[in-house]
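The values are calculated or read from the model by the stated rules, or taken from the named source; none is laboratory data. Computed from a prediction, not measured in an experiment: that's the story for all the values here. Because the Cβ atoms are built from the backbone with ideal geometry, glycine has one as well, and the counts that use them run over all protein chains shown. These accessible areas exclude ligands, DNA and RNA; they are computed on the full protein's heavy atoms, side chains included. Shrake-Rupley method; radii C 1.70, N 1.55, O 1.52, S 1.80 Å.
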There are 2 protein chains.
Amino acid sequence: MKTPKISEAVVRRLPVYLRYLQQLQDSNIRTVSSYELGQKLDMNPAQIRKDLAYFGEFGRKGIGYEVGYLVEKIKQILKIDRHLNCALIGAGHLGIALSNYNRFTQEKLCITAIFDNSVDKIGTEVGTIKIQPLDEIERTIQDRDILIGIITVPAPEAQKVADRLVGSGVKGILNFAPVSLRVPSHVSVRNADLTTELQTLAYYID
Amino acid sequence: MKTPKISEAVVRRLPVYLRYLQQLQDSNIRTVSSYELGQKLDMNPAQIRKDLAYFGEFGRKGIGYEVGYLVEKIKQILKIDRHLNCALIGAGHLGIALSNYNRFTQEKLCITAIFDNSVDKIGTEVGTIKIQPLDEIERTIQDRDILIGIITVPAPEAQKVADRLVGSGVKGILNFAPVSLRVPSHVSVRNADLTTELQTLAYYID
DNA sequence: TAGATTGTTAATCGATTAACAATC
DNA sequence: TAGATTGTTAATCGATTAACAATC
């Protein structure tokens, strides 16, 4: 997969395309044009074609895109065609919610370890995963080839947890804590902070 | 507040500034320069100054920004200096997590109604809020001046719920369901879909 | 005053959209 | 063939960054 230089904006749209294409698959729809995709996703068809064309020629002129083929290709591009293990740190309500949510929808991108420091929680199971103490972060991440950490601890602990994840070799962090994490440039961070989202939404009310 | 034409990129950065400024407030730091902010948030100082300057002259040349004053101003800009009621639809793990999360951190932007159709859940309380059946969405939203809906129902139900929220007069939707919602242009939607975030993150691994 | 830092203009950079030849 | 739709180039639009006069 040769990548000239793909902007984050493009990468963020790929999962949106994928999600809708999978819906089409479920409805047994075989082909789709950029025009139809644009209609449904409220996007410019030229943008969709251009986004896809960064990665290859996936369509056929005069016909459109073959849904199943495009689904596979986007999965390859996003690297979710192979297993990718995630660790969740913080087994509060949000953490538990995510580990359930995750189990049902994403088999290849799944949470394989959960950590929390509460004595009540250590040793109990969420689905099939036993909650471990934070002491075991480093060893477990290395042993189980975990490359992504999901942070759902309270804000004051988030940076410390991030440092330990980075130190253990994690390559990406999904951060639900309301702080700006500082990590080395070889580690990617995505923020998913409810407060930030709600505040942004508030701006547009009225 | 005169607004020439503010891009979403700018609006999305304001809560990030706010969050860090509030941290400075907690540390009793009185003033801060765009350079310092840029260092901590990993952003270009010129961008920070420009973002703020869209809304007024909040700083002092040679000095920087007064933290407390800037916090108040950003709150005003985002319209989170006044009460804004939210309804949560879907009292699953994620929904419960959000209603707790929310209660602690945001007094003015708070969840004041929770809906679910599960017989087990209706009538039980989350914090101080009683879970109501979906039947009561329209009446409750109108009676309580709810302007924001937070959707945490399963994907297949999300569009139906969105339609009902819009029909009841909601102006903004925070959508946690993995679907692209279709709403009229006077309603704002923000998507907070874990799957999309994780898939985007996967692209950057290795 | 000298040093620091804003607000803002101008320059650069990048992303989106339009247009169209290629072709199914 | 005629109509449809891609992939891609060129044009447009918008966002970020640099630079600096104003001024605390």
First select every other residue whose beta carbon is under 14 angstrom from the beta carbon of B:VAL32; then total the charges, Lys and Arg +1, Asp and Glu -1.
+3
If the elastic network links every pair of Cα atoms under 10 Å, which of B:LEU88, B:LEU78, B:LEU194 fluctuates the most in the Gaussian network model of chain B?
B:LEU194
What shape does the protein assembly as shown take by its C-alpha gyration tensor, where a ≥ b ≥ c are the square roots of the eigenvalues and a/c under 1.5 counts as rounded, a/b above b/c as prolate, and the rest as oblate?
rounded
Set the bar at 25 Å for Cα to Cα. Now go through A:LYS160/B:LYS75; B:LYS50/B:LYS75; A:LYS40/B:LYS108 and name every pair that lies beyond it.
A:LYS160/B:LYS75; A:LYS40/B:LYS108
If you place +1 on the Cβ of every Lys and Arg, -1 on the Cβ of every Asp and Glu, and leave all else neutral, what size is the dipole of the stretch B:8-78 about its Cα centre, to the nearest 20 Debye?
80
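Sum -39500 (n - 2.57) across every DSSP H segment of at least 4 residues in the protein assembly as shown, then divide by the residue count to get the 222 nm mean residue ellipticity, nearest 500.
My calculation for the protein assembly as shown gives -13500 deg cm²/dmol from helical runs alone.
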Need one number: nm distance between label points at B:LYS40 and B:HIS186, each 7 Å from Cα along Cα→Cβ, rounded to one decimal.
4.0
Which whole-Hz ³J(HN,Hα) couplings does the stretch A:32-49 yield from phi under the Karplus relation 6.51 cos²θ - 1.76 cosθ + 1.60, θ = phi - 60°, glycine and proline marked x?
8, 9, 4, 5, 5, 4, x, 4, 6, 9, 6, 9, 6, x, 4, 5, 4, 4
Would you work out which of A:TYR35, A:LEU78, A:TYR203 lies farthest towards the positive end of the dipole of chain A? Charges go on Cβ: Lys and Arg +1, Asp and Glu -1.
A:TYR35
Quick one: with all protein chains in place, what share of the accessible area of chain A is carbon or sulfur, to the nearest percent (1.4 Å probe)?
49
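With solvent modelled as a 1.4 Å probe, how much accessible area in total do chains B and A shield from it at their shared surface, in Å² to the nearest 100?
Numbers: alone 12970 and 12930 Å², together 20180 Å².
Interface between B and A: roughly 5700 Å².
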Give me the net charge for the shell around A:ARG13: Cβ to Cβ below 11 angstrom, other residues only, Lys and Arg +1, Asp and Glu -1.
+1
Only Lys, Arg (+1) and Asp, Glu (-1) charged, at Cβ; the protein assembly as shown dipole about Cα centre in debye
1380
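Going from most exposed to least, what order do A:ARG30, B:ARG182 have by accessible area with a 1.4 Å probe? Don't jump to the answer; show the numbers that get you there.
Details: A:ARG30 170, B:ARG182 120 Å².
Heavy-atom accessible area, descending, gives A:ARG30, B:ARG182.
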Sorted by chain and number, the residues with a modelled amide H under 5 Å from that of A:ILE111, at a separation of 5 or more or across chains, are A:CYS86
Once you keep just the Cα pairs under 8 angstrom separated by 6 or more residues, what percentage relative contact order results for chain A?
14
Solvent-accessible area of A:PHE115 with every protein chain in place, 1.4 Å probe, in Å² to the nearest 10:
0
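Hey, what's the Kirkwood Rh for chain B if you take every pair of different alpha carbons, in angstrom? Can you show the working numbers first?
On the way: mean 1/r = 0.0525 Å⁻¹.
Evaluated over chain B, this radius sits at 19.0 Å.
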Checked against the positive end of the charge dipole of the protein assembly as shown (+1 on Cβ of Lys and Arg, -1 on Cβ of Asp and Glu, about the Cα centre), the farthest of B:LEU94, B:GLY59, B:TYR20 is B:GLY59
As a test question: what accessible area, to the nearest 10 Å², does B:HIS186 have when a 1.4 Å probe is rolled over all protein chains in place?
120
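Enter the accessible area per residue of the protein assembly as shown (Å², integer; probe 1.4 Å; all protein chains in place). Intermediate values should be presented prior to the final figure.
Values: 20180 Å² over 412 residues.
It amounts to 49 Å² per residue over the protein assembly as shown.
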By its C-alpha gyration tensor, with a ≥ b ≥ c as the square roots of the eigenvalues, how is the stretch A:84-198 shaped: rounded for a/c under 1.5, else prolate for a/b larger than b/c, else oblate?
rounded
Which residue, A:GLN142, A:GLN23, A:GLN159, tops the fluctuation ranking in a GNM of chain A built on C-alpha contacts under 10 Å?
A:GLN23
For the stretch B:102-152: rounded, prolate or oblate by the Cα gyration tensor [a/c cutoff 1.5]
oblate
Tabulate in residue order the Karplus-calculated ³J(HN,Hα) for the stretch A:156-166, using 6.51 cos²θ - 1.76 cosθ + 1.60 with θ = phi - 60°, rounded to whole Hz; enter x for Gly and Pro.
x, 9, 4, 5, 4, 4, 4, 4, 5, 4, 4
Looking at the axis that maps chain A onto chain B, which chain A residue has the closest Cβ, and how far off is it in Å, rounded to a whole number?
A:ALA97, 2
As a test of reading the structure, rank B:SER34, A:SER180 by solvent-accessible area (1.4 Å probe, protein chains only), most first.
A:SER180, B:SER34
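Please identify the longest segment of chain A free of exposed GluC sites (Glu not before Pro), where exposed means a DSSP state other than H, G, I, E or B and no more than 14 other Cβ atoms within 10 Å.
With a cap of 14 other Cβ atoms within 10 Å, the longest stretch comes to A:108-206.
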